[in-house]
1. Confirm whether residue A:475 is within 19 Å of residue A:414 (Cβ to Cβ) and not basic (Lys, Arg).
2. Given the criteria assigned to a loop (DSSP other than H, G, I, E, B) and aliphatic (A, V, I, L, M), does residue B:34 qualify?
3. Identify all residues within segment A:151-203 that are within 22 Å of residue A:520 (Cβ to Cβ) and assigned to a loop (DSSP other than H, G, I, E, B); write none if there are none.
4. Exactly one of (1) crowded, with 24+ Cβ neighbours inside 10 Å; (2) facing another protein chain (nearest Cβ under 8 Å); (3) among the charged types (D, E, K, R) is unmet by residue A:338. Its number?
5. Enumerate the pairs (first residue in segment B:317-342 and within 18 Å of residue B:450 (Cβ to Cβ); second residue anywhere and charged (D, E, K, R)) with beta-carbon separation below 6 Å, excluding pairs fewer than 6 apart on the same chain, so at least 6 apart or on different chains.
6. Looking only at segment A:144-180, count how many residues are surrounded by fewer than 20 Cβ atoms within 10 Å (Cβ to Cβ) and acidic (Asp, Glu).
7. Quick test for you: out of A:368, A:410, pick the one residue that is within 28 Å of residue A:210 (Cα to Cα) and either of a type in the set (S, T, N, Q) or surrounded by fewer than 23 Cβ atoms within 10 Å (Cβ to Cβ) (or both).
8. Could you list, in sequence order, all residues of segment B:97-133 that are over 18 Å from residue B:159 (Cβ atoms) and within 14 Å of another protein chain (Cβ to nearest Cβ)?
Protein chains: 2
Amino acid sequence: MKIALCQINPTVGAIGRNRDKISEWYQKAIDVGADLVVFPELVIIGYPPQDLLLREDFILEANEALSWLAANATVPMIIGNAFRENGNLYNCAFVCGNGRIINYYKKMLLPTYDVFDEVRYFSPGETTGVIEIEIESEKIKIGLQICEDLWDKDYACNITDSLKENGAQLMINISASPYRADRLTDRQTLIETKVSETGLSFFYCNLVGAQDELIFDGQSLAYDGGGKLIGQGKAFKEDLIIVDLDHPKPIITKPDVREEKIYNALVLGVRDYFQKTGHSEAVLGLSGGIDSSLTACIAVDALGAENIHGVSMPSQYSSDHSMDDAEILAHNLGVEYRSIPIETIVGQFGDVLTESFSGTESGVAEENIQARIRGSLLMALSNKFNWLVLSTGNKTELAMGYCTLYGDMNGGLAVISDLSKTDVYALSRWVNTKAGIDRIPINSIEKPPSAELAPDQVDPFDYDVVSPLVTAMVEDEKSPTELIEEGADPELVKDISRRIRINEYKRRQAAPGLRVTSKAFGIGRRVPIVNKFDELIP
Amino acid sequence: MKIALCQINPTVGAIGRNRDKISEWYQKAIDVGADLVVFPELVIIGYPPQDLLLREDFILEANEALSWLAANATVPMIIGNAFRENGNLYNCAFVCGNGRIINYYKKMLLPTYDVFDEVRYFSPGETTGVIEIEIESEKIKIGLQICEDLWDKDYACNITDSLKENGAQLMINISASPYRADRLTDRQTLIETKVSETGLSFFYCNLVGAQDELIFDGQSLAYDGGGKLIGQGKAFKEDLIIVDLDHPKPIITKPDVREEKIYNALVLGVRDYFQKTGHSEAVLGLSGGIDSSLTACIAVDALGAENIHGVSMPSQYSSDHSMDDAEILAHNLGVEYRSIPIETIVGQFGDVLTESFSGTESGVAEENIQARIRGSLLMALSNKFNWLVLSTGNKTELAMGYCTLYGDMNGGLAVISDLSKTDVYALSRWVNTKAGIDRIPINSIEKPPSAELAPDQVDPFDYDVVSPLVTAMVEDEKSPTELIEEGADPELVKDISRRIRINEYKRRQAAPGLRVTSKAFGIGRRVPIVNKFDELIP
């Protein structure tokens, strides 16, 4: 029996086009001899559809698409869709074949944490999904599960065991599981455990493609009943994985290079955001610093150098090396480059504010004016030429509030906002190593980071110390007390904790940022702005 | 028996201060002879605490505060707090007295829709809360419920009936129920039904105060077993409602004036956002238009005229009447007023962009530059003087995307972003009627709305038609097809529907806006940016 996993990239809400894509891949799978064709979770509507699920017209249109696919199905197909029954909405896996819907399973475990809100929309199914299908006149009982059903550790029931107990002969899990660093290993470890517990082969079909902040990595998996890996989908690309269960061929995969995976995730994130929102060209400010340099590389690899516009916007505080580094980068990457000096505009702001500011010392207000002029210039180019602005801030800065709202935070998409400063360096070095040449000028990597908004300014943080502490607090969700007990400097921990808390208001207005860690700023982290909880300051 | 409802205003996360406030109000209630003192839902930590609930140190500190309150309790007290038991977190009502926790009830119905995410944090309780307490050596069985437990229409179980069946002799509901227009009537109608079904007296203690986007209105309620209203808390103010159940006195309330309620809600929203984030002064752009005029009035009533700074920022396209109207408004309200002309800065932007823009026609890019200069000037004043910027856009504009991101959308708080243009007019007229003089210049109300970003520009919408259609789509969640069936212009409906969809990206970066309707843009409406669902364009 040949099973095909169709790891495809739908678009949220594009029901008609998703249906056509499914139909096309279904045919491809049949053409290579598939006896059973599997698609990911909610693939007809895209994931996560969020509040579109509250619209009855949306559910109806999804149902019509499913009916059409079922009516045109010959060999069995398993496909995810939303379905209303007795007033409740369910996240379902439909089995179609012979021109009809044969059966369906309603997802039992509904993730409602981090970026997931499934209980907001769906009711849980109450019975496990052992569904019998006929393949070449032989009947086989399939144990159907949907995404979270596999991750049953924190739930009262063990879905996989229960499927086995109810007679399942092989497991199929259809997923929309977002990427984050090391997620593949998590999935492999878990599935290998399930296979060793049940002795059943296991097919895991994951979505690919990006949706707002989320990046789905594909990397579908197939294991035989002995726990051998017999199929794996590409990372960050659509793929058709076909596995012959009667003659399985074990495959060997190369170990992941962490930086490569994260980088490729971001490339897909940028490409899909542009394609799916109907943009093709990007504009970004090039400061000569490492953040904008890495962002530019990712943009070039996602959209092509010919679609990237780099803008240097020097002020009186910009150093010569910054302008040089920005120009060298643009040259290395082959992107269009222009310089728009902002000194005269800064001067005019100073003039009109003379009376209001008289008697005050120059400080943050004056610095931010420069950042906001730059942000406004990028938006002017964006408005004029329909280029989408990429913002270039990293996660460490965003945590600390070391960024200007309506200034350098401007953008339709924040490309590296889920990368710590440490990871920005690691990925930049990887970019150069991978290319075999310095795409990113070595000076941008080695010089001390500076916002260059005041004379001889350098960033007021030791990133080697601050960046890991921010990661520990945000991603590992460690409390300040824990970190101090582990030996971190108490005053520094207090300061970082306070900054993370009081800068929530900036992040609330930040551009959507591509998520590549277990806890990104954005929809998966919901912290109030008005928040007086400070463990260390009673 | 005298029951006291303490309708107080805690701050999210300020556990120590909330505990002290509770203690103080508890004493006040005892001083006026209360035999039972009731506080709102989750009052020790504030509502909604969002992801603070995921922090173990937060839950621990809340428990310590509860223990302290219990240890110091004499007469019985009912109080809301989060509580972990066997690894699960519950939203609980604790009954304390005689120096200890006597008993507790775990909320059964957990709202997970619109602005609510309770399943993200809490497990549901499984048994109804009939709790016996002793008052003046008499035992009484109280039917305890928490907020959503009352709104059981869409759930499988009827909590109120079940409490009665289990022997409850009076009902107490502790709530954190956010305001929206006409919410009081919804609550009254529902409670009156429950009272008439059970014949039991009903005490409803609601939170008051604002938290980020949400405004809690108080307006606690008490009914005797015959369905007569015997107590009602003030709207938008802390209040101690004391009701003698042995000698209940029916009260008569005045019918609501819709505009007054909404206006007062917004006043509280502004005041609490400032107080709870540690700000006292506000700055806003005064264009002479109705939106900024109404926002200024609200700000003055919330913070005092002496704390409001109005800024006119005329360009070459600003009409004389606009500048006059802005100045008259500032004079009427008694707020500080300054004018900062932006023409020279606009000119400099034009100069530095000459090469980039050469050969293009003037349009949105040039218009937005003006809005962004204004936004940057307000932020400069904000950064310099620690004034918080108020943004002044209304809901109709925000829906249609008729606003400039990083321009007039700038602000720490969006005051009227949940008011339709129709409501902006209604409230402005009410403001003047109420004052008996024109606080808002009549010209601002009567002239055609204009952004004044281009020569002789007026807003390209007939708000009398567009505003109700936007409300129908966003608040009443009507589909375009339904609206067309009801007689709306199909082309206009398509255009509005499309604009609402494609401008999601702007709203994602908008300032938090005060919610006063059943469906506001913000945390209660989660629509993807990448969204190709367009019912009318297959």
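The values are calculated or read from the model by the stated rules, or taken from the named source; none is laboratory data. Since the structure is predicted, the reported quantities are computational estimates derived from the model, not experimental observations. So basically every Cβ, Gly included, is an ideal-geometry build from the backbone, and we count neighbours across all protein chains shown.
1. Working: within 19 Å of residue A:414 (Cβ to Cβ): yes; not basic (Lys, Arg): yes.
Yes; evaluated as a whole, the condition is true for this residue.
2. Values: assigned to a loop (DSSP other than H, G, I, E, B): yes; aliphatic (A, V, I, L, M): yes.
For residue B:34, the condition - assigned to a loop (DSSP other than H, G, I, E, B) and aliphatic (A, V, I, L, M) - is met.
3. Once the filter is applied, which keeps residues that are within 22 Å of residue A:520 (Cβ to Cβ) and assigned to a loop (DSSP other than H, G, I, E, B), segment A:151-203 yields A:151, A:154, A:176, A:177, A:179, A:180, A:181, A:182.
4. Residue A:338 satisfies all of (1) crowded, with 24+ Cβ neighbours inside 10 Å; (2) facing another protein chain (nearest Cβ under 8 Å); (3) among the charged types (D, E, K, R) except (1).
5. Within 6 Å, the pairs are B:317/B:452; B:318/B:452.
6. Count: 4.
7. Working: A:368 fails: within 28 Å of residue A:210 (Cα to Cα).
It is A:410.
8. Hits for segment B:97-133 are B:114, B:115, B:117, B:120, B:121.
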